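Any read-out appearing in this document is the output of simple, stated calculations on the displayed coordinates, not a laboratory observation. As the structure is a prediction and not an experimental result, all values here were calculated from the model. When we count neighbours, we look across all protein chains shown, and the Cβ atoms used for this are built from the backbone with ideal geometry, even at glycine.
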Amino acid sequence: MEHLSSIEFFYNFLFVMALVGFVVFVSLYFVDAGYGKMRTEKWGPAINNKIGWLLMEVPVFVVVLYLWGLSPVRWQVPYLLFFLLFEMHYFQRSFIFPLLMRGNSKMPIVIMGLSVLWNLINGYVQGYWLFHIAPALMPDLYTPDWITTPQFIAGTVIFITGFIINLHSDHVIRNLRQPGDTNHYLPKKGMYKYVTSANYFGEITEWLGFAILTWSWAGALFFWFSCCNLVPRANSIYLRYEKEFPDEFDRRKLKRIIPFIY
């Protein structure tokens, strides 16, 4: 009965977070999240972007590591692969990505705080489902044969593809300007040939893959929340680029985040 009440609470929590994601989605079409290109002084006190990025990404890495470490199934192949794929992304985002950042931009503390909150929640959702609820209530789900299923194979391919797109897109953005250059440029390499937010396209592709390879509502929530956050932000970036580079926009027929679609 304890497990049943636990799973009921968990699924209710997923539903509430999905609703929160929808609110975020609608809100971000009216209010630009104040970090990166969209940062303004109205968002209040800010800290160094590199420090802010580290502080907001590390929590999810640590929470999932902790929940995996407590799991009795942590060394079983499917669970270990789930863990390694998830943590591969967040190791890069937490410890490598901030070191690669250029310039001295700032991140509003309120944005960092909200991101920390989401990452704590998401770390709990992914780690608790994969390493505790699923093994206890569905021991026949993630057996060693899971890695040969179409879901796992297709999802892993999609995840790795998104990860590569994300890394390459960040590389393109970082190298748009030479040291000392303050001009603005429209990125043109890689997936930027098709969309103005190729890095976000890579990220939502990753979490679509993760939702498929785990075949879980927890993974689906992560994909949904990523879209709710990144799609409207991609729209804001698109409109900004469109205003800065109108002639090039007309010629290249760029989309916002999903090639050929949106």
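Spin-label model, Val26 to Leu70: label points 7 Å out along the Cα-to-beta-carbon direction sit 3.5 nm apart. With θ taken as phi - 60° and the Karplus curve 6.51 cos²θ - 1.76 cosθ + 1.60 applied, the whole-hertz 3J(HN,Hα) list for segment 76-91 is 6, 3, x, 5, 5, 5, 4, 4, 5, 5, 4, 6, 4, 4, 7, 5 Hz, x standing for glycine and proline. Quick query: amide H of Lys255 versus all other amide H atoms, modeled in the peptide plane; which residues come in under 5 Å with a sequence gap of 5 or more or a different chain? Residues meeting the criterion, in which the H sits 1.01 Å from N, are Val195, Thr196, Phe260. Simple spin-label estimate for Ile261 and Thr148 gives 3.2 nm between the two label positions (7 Å along the Cα-to-Cβ direction from each Cα). What FRET efficiency comes out for Asn183 versus Phe95 if R0 is 45 angstrom and r is the Cβ-Cβ distance? Round to the nearest 0.05. Taking R0 as 45 Å, the efficiency between Asn183 and Phe95 is 0.90. Residues in segment 123-128 carry Karplus couplings, in order, of x, 4, 4, 5, x, 5 Hz; the curve used is 6.51 cos²θ - 1.76 cosθ + 1.60 with θ = phi - 60°, and Gly or Pro positions show x.
Let me know the shape class of segment 32-139, please: from the alpha-carbon gyration tensor, a ≥ b ≥ c as square roots of the eigenvalues, rounded when a/c is under 1.5, otherwise prolate if a/b is greater than b/c, or oblate. Prolate, because a/c is 1.5 or more and a/b exceeds b/c. By other beta-carbon atoms within 10 Å, ranking Arg251, Arg174, Arg93 with the fewest at the front produces Arg251, Arg174, Arg93.
Each of Thr149, Leu186, Ile111 was scored by the projection of its Cα onto the charge dipole of segment 111-201, and the greatest displacement toward the positive side belongs to Leu186; charges sit on the C-beta of Lys, Arg, Asp and Glu. For segment 130-262, the normalised intensity computed at q = 0.10, 0.15 Å⁻¹ comes to -0.42, -0.76 (log10 of I(q)/I(0), Debye sum over alpha carbons, equal scatterers, no solvent).
With a cut-off of 20 Å, note down the residues of segment 163-207 whose backbone N falls inside the zone around a label point 7 Å from the Cα of Glu242 toward its beta carbon. The answer is 185-188, 192-201, whose backbone nitrogens lie closer than 20 Å to the label point.
Considering only Glu57, Glu244, Glu206, the Gaussian network model of the chain with Cα springs below 10 Å gives its largest mean-square fluctuation to Glu244. Against the longest principal axis of the chain, how steep is helix 150-174, in degrees 0 to 90 to the nearest 10, with axes from Cα atoms? So the inclination is approximately 30 degrees. The long axis of helix 217-244 is offset from the longest Cα principal axis of the chain by roughly 0 degrees. As a calculated quantity, the FRET efficiency between Glu8 and Ser105 at R0 = 51 Å, using C-beta atoms, amounts to about 0.70. Computed from backbone phi, the HN-Hα couplings of segment 183-193 come to 6, 9, 9, 8, x, 10, 9, x, 6, 5, 5 Hz, rounded to whole numbers (Karplus: 6.51 cos²θ - 1.76 cosθ + 1.60, θ = phi - 60°; Gly and Pro given as x). Relative contact order, whole percent, for the chain stands at 23, derived from Cα pairs under 8 Å and 6 or more residues apart.
Based on C-alpha pairs under 8 angstrom that are at least 6 apart in sequence, segment 149-262 has a relative contact order of 32 percent.
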